[in-house]
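Take a look at the structure below.
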Amino acid sequence: MRHQKAGRLLELARMLASTSEGLTLDEMAERLGVGRRTAERMRDAARDVFPQLEDIDDPPTRRFRIPAGLDGLFQAPTAEELAALSAAAETFAHQGAVARAGALKSLEHKVLSATRAAARRKLAPDLEALLQAETIAVLAGPRPFEDETVLAAVRAALLSMRTLRFRYEGGTTPGRIREVTPFGVLFGRSNYLVADEGAGPRNWRLDRIHEVAVTERAAARPADFSLQDYADESFGIFHDDVEDVVLRVTPAGAEDALRWRFHANQSVEQQDDGFVLVRFRASGMLELAWHLFTWGDKVEVLAPAVLKATLVQQIDIARRAHTSGTVVAGP
């Protein structure tokens, strides 16, 4: 029990050392999953061990932080943490996300180089065993385009709050020079720049952006714009009309549906007859239709009508392609 308490105290100290703004007592309690009084006692105990802990006035409350960070003695990573970091880098590499894979590998090297030699020697056997016992299952799908030059320009424009100019080989006028206000980047099965050319945010495929440059023109996304909220509006990447979606999952698929996340704002309701109702608001009915094919006859679309029509249309397209005799047979 004493070891558990010491571990929780060290966890709090790491939280306080990792923030420049500091944490309130309520924030400590929330992150640790304890009551406010317990958080207050833990803060006092942390101050006894780390006297450099300081108070920051932030009316109507107070914040606390350890400004100079923690000594490496308290920061040695675990084998599980390093294995997770290595796995994340490998996942990015398999997906074609070369830039982010490289960033994580660089971070891994920095963490190891900052770890005391005795701790590294102790970690090595367990880390090697975990790396050999765990691997990444590669899923079929597009390899996201992730050019370091393009990403560097996008990030530079975001940080300096300036516009981006590039030649875009997409849309209705391929090859046209565009100048946009960047809002952020959506990483996924394909990677997109979210930017405004004057008619509101839209998605620009990174693999179709060429000759990119940061201009001297000042630009900033609206204060009320949230990239996460924008991403959550769509089932996938495509943005169009937002629809109220209602799906009815049969008892045969109920167990999977209860563990499945169709959308960030979904509600899931299990019925007395074993069926499951899934509701959410989203755009991107074509992408949703493609996904629902993977559920076979386990999902029925109750709403909206446009999603039902899209499903039927996609079925007809597939039927024509495979019954017309025009599909070229494989070897």
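In the stretch 12-27, how many are part of a helix (DSSP H, G or I) and surrounded by 13 or more Cβ atoms within 10 Å (Cβ to Cβ)?
Total meeting the criteria: 8.
Answer yes or no as to whether Glu243 is over 22 Å from Ser190 (Cα atoms) and either polar (S, T, N, Q) or within 26 Å of the chain's Cα centre (by Cα) (or both).
Answer is yes for this residue.
Being within 22 Å of the chain's Cα centre (by Cα) and outside any strand (DSSP E or B) is the filter; apply it to the stretch 174-219 and report the residue that is surrounded by the most Cβ atoms within 10 Å (Cβ to Cβ).
Asn191
Could you list all residues from the stretch 28-71 that are under 30 Å from Ala114 (Cβ atoms) and in a strand (DSSP E or B)?
Matches in the stretch 28-71: Glu54, Asp55, Ile56, Arg63, Phe64, Arg65.
Looking only at residues that are surrounded by 14 or more Cβ atoms within 10 Å (Cβ to Cβ) and of a type in the set (D, E, K, R) in the stretch 286-315, which one is nearest to the chain's Cα centre (by Cα)?
Looking at residues that are surrounded by 14 or more Cβ atoms within 10 Å (Cβ to Cβ) and of a type in the set (D, E, K, R), I get Glu287.
Each value in this text was obtained by applying a stated rule to the coordinates, not by laboratory testing. Worth saying up front: this structure is predicted, and the values here are computed from it rather than measured. Every residue, glycine among them, receives a Cβ derived from its backbone with ideal geometry; neighbour counts consider all protein chains shown.
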